[in-house]
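Written below as structure tokens is the structure these notes are about.
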């Protein structure tokens, strides 16, 4: 059994930014040990039991530098406990409505989690970071995932996600895993924004954080490239040249810093 904890970042629609939707896959047989490790880390750091640990801002009594080191230790604990990270990226200029983009990100990660569970010959449970959107579509979407699965562009009928035994909501503070996935998604967002927003002051930090999280990405081979099941740029075919250049530029930026995406982003005109 595996758990998939999901979260998003860069939800606000901003031209040139990528929405990031990510998920942390946690082996059930290592979940208790990882929880204990994070709890002990918090106690050793003097963080109050009810404090919400997220990517930002830093949490008292830690200053910025000590909190950065604390987050690094949390990520290293995830690696030590054989967790896996998967992520979905879409340019806001193409995504349109952020809530719709987030729902598509949920669909994509659920499908990829299902596929990974097939490869592992296992089953899993999905926990989505709770959010409120128009007409409460988020809850309806989770019911739909359980009832009918996901619609895929290359299939005539929805595909049942029979490797996933349930779809539930979670929230920050309800488990240490929600803090961990927030830190991972926030780290990836920080690095992406350093590139997309041309922030020279954050380039060194971006390199460091990408090399830190790179071992967590799902790969078919431990030292192989990251397939699109682990990191997907959506859409896979970007017809507008200037947007295509932004996708390819970001992919190369990530590759050069250890996040070695294997996806081939195409630029084919509508046939």
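Overview of values
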{"quantity": "Selection from segment 37-65 of residues that are closer than 17 Å to residue 186 by Cα and free of Cβ contacts under 8 Å to residues at least 40 places away in the same chain", "calculated": "57, 58, 59, 64, 65"}
{"quantity": "One residue from 86, 106, 183 being in contact with a helix residue (DSSP H, G or I) (Cβ under 9 Å, 6 or more places away or on another chain), crowded, with 20+ Cβ neighbours inside 10 Å, at pLDDT below 95 and under 22 Å from residue 11 (Cβ atoms)", "calculated": "106"}
{"quantity": "Odd one out for residue 253 among (1) touching a strand residue (DSSP E or B) at 6+ places or on another chain (Cβ under 7 Å); (2) in contact (Cβ under 8 Å) with a residue 40 or more places away in the chain; (3) within 29 Å of residue 73 (Cβ to Cβ)", "calculated": "(1)"}
{"quantity": "Single condition residue 201 does not satisfy, out of (1) over 30 Å from residue 43 (Cα atoms); (2) within 17 Å of the chain's Cα centre (by Cα); (3) assigned to a helix (DSSP H, G or I); (4) free of Cβ contacts under 8 Å to residues at least 60 places away in the same chain", "calculated": "(2)"}
{"quantity": "Boolean, residue 34 is touching a residue at least 24 places away in the same chain (Cβ under 8 Å), surrounded by 14 or more Cβ atoms within 10 Å (Cβ to Cβ) and assigned to a strand (DSSP E or B)", "calculated": "no"}
{"quantity": "From 136, 193, residue being modelled with pLDDT under 85 and either in contact with a helix residue (DSSP H, G or I) (Cβ under 8 Å, 6 or more places away or on another chain) or surrounded by fewer than 20 Cβ atoms within 10 Å (Cβ to Cβ) (or both)", "calculated": "136"}
{"quantity": "Single residue of segment 82-122 satisfying the filter (part of a loop (DSSP other than H, G, I, E, B) and touching a strand residue (DSSP E or B) at 6+ places or on another chain (Cβ under 8 Å)) that is farthest from residue 26 (Cα to Cα)", "calculated": "122"}
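The values are calculated or read from the model by the stated rules, or taken from the named source; none is laboratory data. Quick caveat, the model's predicted, so the values are computed rather than measured. Heads up, the Cβs are rebuilt from the backbone with ideal geometry, glycines too, and the neighbour counts pull from every protein chain shown.
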